[in-house]
Amino acid sequence: MATWGLIVEMTVGTGERKHMEASVLAHVEGSREEALAELGECIGRYTPEHPRSPKRSRVFRTADGFLLVIDGAWQTFSSRFTVAELVKDSAAPQPQPQPVPVPSPEDAAPPPAAPPEDAAPAPSGPTVDRYADGVPVKPAWLGRTDLP
């Protein structure tokens, strides 16, 4: 299923500093038509910063969304609302791992055989204090001199 970004490009600033800035209003999963319907609802809730004293407001339908044109006392400001498919997101949350099924007692494998007596003993290192969930109390990186 596609993820769609609901994007608004709005006029900000005034005079010679007037320019366009874009921001993402929301993300919608589903079809393009569902995303366009959600975008249409966003326009009704949208309140632009400029103009402060609107005289006339018009909403136009375009191929990818809507165009809001507002005539102010001295200047005209616009906001373009667009639906765009999300292709890549560098800050997307990592997918959640699938839960591992818990085997029933009948499916349990027999315990592993004890190592032969002539085998080398397991290496014994310093014991690490851990919280109940298994996380070390002192992080392994703490005190390392090779880190910046």
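The values are calculated or read from the model by the stated rules, or taken from the named source; none is laboratory data. For clarity, every value in this text was computed on a predicted model and none was experimentally measured. Cβ sites come from the backbone with ideal geometry, for glycine too, and all protein chains shown count toward neighbours. Each accessible area value is taken on the protein alone, full model and side chains, heavy atoms only, with ligands, DNA and RNA left out. Shrake-Rupley method; radii C 1.70, N 1.55, O 1.52, S 1.80 Å.
Percent of alpha carbon pairs in the stretch 1-113 separated by more than 24 Å? Of all Cα-Cα pairs in the stretch 1-113, 46 percent lie more than 24 Å apart.
For Cα pairs less than 8 Å apart in space and 6+ apart in sequence, what is the mean separation divided by the residue count of the stretch 1-96, i.e. the relative contact order in percent?
The value is 31 percent.
Normalised by residue count, the stretch 25-66 yields a Cα convex hull volume of 77 Å³ per residue.
Accessible area per residue for the stretch 15-78 is 71 Å², calculated with a 1.4 Å probe on protein heavy atoms, without ligands, DNA or RNA. The gain in end-to-end length when the Ala84 to Glu34 segment is fully stretched comes to 16.8 nm, 0.36 nm per residue minus the alpha carbon separation.
Mark the label point 7 Å from the Cα of His27 along Cα→Cβ and return the residues of the stretch 1-15 whose backbone N is within less than 15 Å of it. Within reach of a label on His27, which here means backbone N under 15 Å from a point 7 Å along Cα→Cβ, the stretch 1-15 contributes 1-7.
Based only on Cα atoms, what mean projected area does the convex hull of the stretch 50-105 have, in nm²? Approximately 8.2 nm², given one-decimal rounding. Across the stretch 57-65, rounded Karplus estimates of 3J(HN,Hα) from the backbone phi angles (6.51 cos²θ - 1.76 cosθ + 1.60, θ = phi - 60°) give 10, 9, 10, 10, 8, 10, 5, 10, x Hz, Gly and Pro being marked x.
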